[in-house]
Every structure is written in C-alpha cells, then in structure tokens.
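The values are calculated or read from the model by the stated rules, or taken from the named source; none is laboratory data. Since this is a predicted model, take the numbers as computed values, not measurements. Because the Cβ atoms are built from the backbone with ideal geometry, glycine has one as well, and the counts that use them run over all protein chains shown. Keep in mind that these areas ignore ligands, DNA and RNA; they rest on the heavy atoms of the full protein, side chains included. Shrake-Rupley method; radii C 1.70, N 1.55, O 1.52, S 1.80 Å.
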Amino acid sequence: MIEVKDLSKSFGDHEVLRKIDFEVKKGEVICILGSSGSGKSTLLRCVNKLETQTSGQVLYHGKEIRNVQKEINEFRSRVGMVFQSFNLFNNMTVLENCMEGARKVLHVSKEEAFDRAIKHLKEVGMAPYINARPEQLSGGQKQRVAIARGLCMNPEVLLFDEPTSALDPEMVGEVLNVMKELASSGLTMLIVTHEMDFAKNVSSRVLFMDKGYVVEDAPPEEFFTNPKNDRSREFLSRFI
Ligand code: ADP
Ligand code: MG
C-alpha cells in the first residue's frame, strides 16, 4: 500500500533520516520504536507529507506522491494522523470536531458526516459526549475523539505519533484498547510508541530506529526475543 524507498531527510546539514526502505501492506500494524531523537516523528511526517524528504520516494499503491499540492491533499485524505497532543479544535464540540474534516476536505453531505461521526464516536466509546468541548474531557477521552475524527475520513492508513505519551498513566489503557480494536478490525496502522507490551502483542512488525536509520525490521516475536542489532538489545534492556 505504501512503499518508502531510499528516503533521506536533512534539516540544514543535520541528516535526520538516512536511506530508509520499508513497505506497509494492507492490514499491517507496524510499531516504530527507538530512542528520543532517532527520527521517528520525522519519518511519520515524511510518510504523510507534512515534511518533504530530501531524497528518496514515498509510493502509494505503486505511484509516487509528488510534491504537488493537489496530489498531497488527495493522499493525505487517505492517510490520517493522530498526534501526541490530540490537536482537537477547542472551539468546537466533539461532534463538530469529527464532522469538520469530512465536510471541509471530503465535501460529504452533512448527513453523511453526522452518520460517520456517530459511528466512530461509538467505536471509541465517546458517543455520550458529542456536545462536550475538548476542555471538558480527560486526556484519554480527547485522544479517543481524535482517533474517531481520524476514522471519519475513512482513511486507508492511520498514523499515530506517540498517542499515549501525553496521558496520565491511568488513561493509557483506554486508548490502547481502542487501537487494539482497530487493529483487529483490519485497519492498517503505523504507530510510534514506547508501549512495549502493545508492540509485542498487537503489532505485525516492528521497525527499530537509531540515529536516523531503520536498523531492524522484524516480526515482534523475533524482535523481542532475539534482536539482531546491538542497539536494539541495549534499547530493550531498558524496559526489563
Ligand atoms: P523522535 O520522534 O524519534 O524523537 P524526531 O523525528 O522528532 O525524533 O527528531 C529527529 C531529529 O531531527 C532530532 O535531532 C530533532 O532535533 C531534529 N528535528 C526534527 N524536526 C526538526 C525541524 N523541523 N528542524 C530541525 N531539526 C529537526
Ligand atoms: Mg517524536
């Protein structure tokens, strides 16, 4: 579905991503692990074109997404993103947050946008809060709304950048449970996370990043029991 080919990204003379190659197939749940500063967020941002790579390609169903606004917009409506800091519109209700993208970007009817919002808010357990504003919600609730909002775009792939890192510990589970449900429904997901149990139990593949390189790309059972790379071993030893 998505192919990242020989992708590099520099900010000035700081090379942040180096020659990255991987594929995302339909239905895969890929967890991206690695220390802070290893390039995980930049990689996700290059995958959905919030950043332009310095060299290399991102292919979507075999076709290169070129740096042309029309192509980028079209692609981005197929590839949603959920951020650590939720990024909800604070001046809108939960329902309005979920309807906005489908209305403004996809130009679906009000009825269709409403039906989608209700469906996905139910999925994440937030239907009782449709008239609430983000400030009235807990962090876990806000993140579940942000996930529902992403789903309302009917994405083919949903990208998550540390979706639970800003949450109080007692709220992490409710968000991970929603993501686990989505994984078993067959949604394709690319997830940057430090939740090792989630990566171990839910992912179909793990990418481990170090200093801008993907140094390991393996199924979780292999990565967690028999990491091939010294940096992966050192990283994992911190979580025991
Ligand atoms: P991670 O998400 O793994 O913590 P990031 O992708 O955020 O890593 O950052 C990787 C490196 O790129 C860091 O050294 C960071 O300072 C640098 N970086 C990220 N975004 C920018 C930017 N917009 N301008 C300059 N440097 C950046
Ligand atoms: Mg990051």
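Scalar couplings 3J(HN,Hα) for the range 212-219, obtained by applying the Karplus form with A = 6.51, B = -1.76, C = 1.60 to θ = phi - 60°, are x, 9, 8, 8, 8, 9, 8, x Hz; x denotes Gly and Pro.
If you put +1 on each Lys and Arg Cβ and -1 on each Asp and Glu Cβ, how big is the dipole of the range 14-148 around its Cα centre, in Debye rounded to 20? Dipole size: approximately 60 debye.
3J(HN,Hα) couplings calculated from phi for the range 16-31 with the Karplus curve 6.51 cos²θ - 1.76 cosθ + 1.60 (θ = phi - 60°) are, in sequence order, 9, 10, 10, 6, 8, 9, 6, 10, 10, 9, 4, x, 6, 10, 10, 9 Hz; Gly and Pro show x. Other residues lying with their Cβ under 12 Å from the Cβ of Ser35 contribute a combined charge of +2, Lys and Arg counting +1, Asp and Glu -1.
Of all lysines in the structure, those lying under 21 Å Cα to Cα from Lys63, and not within fewer than 8 positions of it along the same chain, are Lys5, Lys9, Lys19, Lys25, Lys26, Lys49. If only the Cβ of Lys and Arg carry +1 and only the Cβ of Asp and Glu carry -1, the dipole of the chain around its Cα centre is close to 500 debye. If only the Cβ of Lys and Arg carry +1 and only the Cβ of Asp and Glu carry -1, the dipole of the range 126-177 around its Cα centre is close to 260 debye.
Per residue, how many Å² of accessible area does the chain show with a 1.4 Å probe?
48 Å²
For the range 141-149, backbone phi angles converted through the Karplus equation (6.51, -1.76, 1.60; θ = phi - 60°) give residue-by-residue couplings of 5, 4, 5, 5, 5, 4, 5, 4, 4 Hz, Gly and Pro being listed as x. Length gained on full extension, Ala127 to Gln69, computed as 0.36 nm times the residue gap minus the Cα-Cα distance: 17.4 nm. Note on the range 99-211: with neighbouring protein chains present and a 1.4 Å probe, carbon and sulfur make up 47 percent of its accessible heavy-atom surface. Under a 5 Å amide H cut-off, with hydrogens placed 1.01 Å from N, Ser8 pairs with Lys19, Ile20, Thr54, Ser55, Gly56 among residues at least 5 apart or on other chains. Among the trypsin sites (Lys or Arg not before Pro) in the range 10-73, those located in a DSSP loop and surrounded by at most 13 other Cβ atoms within 10 Å of their own Cβ are Lys25, Lys26, Arg66.
For Lys228, the aspartates and glutamates whose Cα falls under 17 Å of its own Cα, not counting residues fewer than eight places away in the same chain, are Asp210, Glu216, Asp217. As an equivalent ellipsoid, the chain spans semi-axes of 29, 22, 15 angstrom, where each value is the square root of five times an eigenvalue of the C-alpha gyration tensor, largest first. So, in Å, what gap is there between the alpha-carbon centers of the range 145-191 and the range 207-240? Centre-to-centre distance over Cα atoms comes out at 23 Å.
When the charge dipole of the chain is built from unit charges on Cβ atoms (+1 for Lys and Arg, -1 for Asp and Glu) and taken about the Cα centre, the candidate among Ile30, Leu187, Val94 whose Cα reaches farthest toward its positive end is Val94. The mean sequence separation of alpha-carbon pairs under 8 Å and at least six residues apart, normalised by the residue count of the range 84-240, gives a relative contact order of 19 percent.
What order do you get for 197-209, 126-138 when each peptide is scored by the mean count of other beta carbon atoms within 10 Å, highest first?
Taking the mean over residues of other Cβ atoms within 10 Å, the ranking is 197-209, 126-138.
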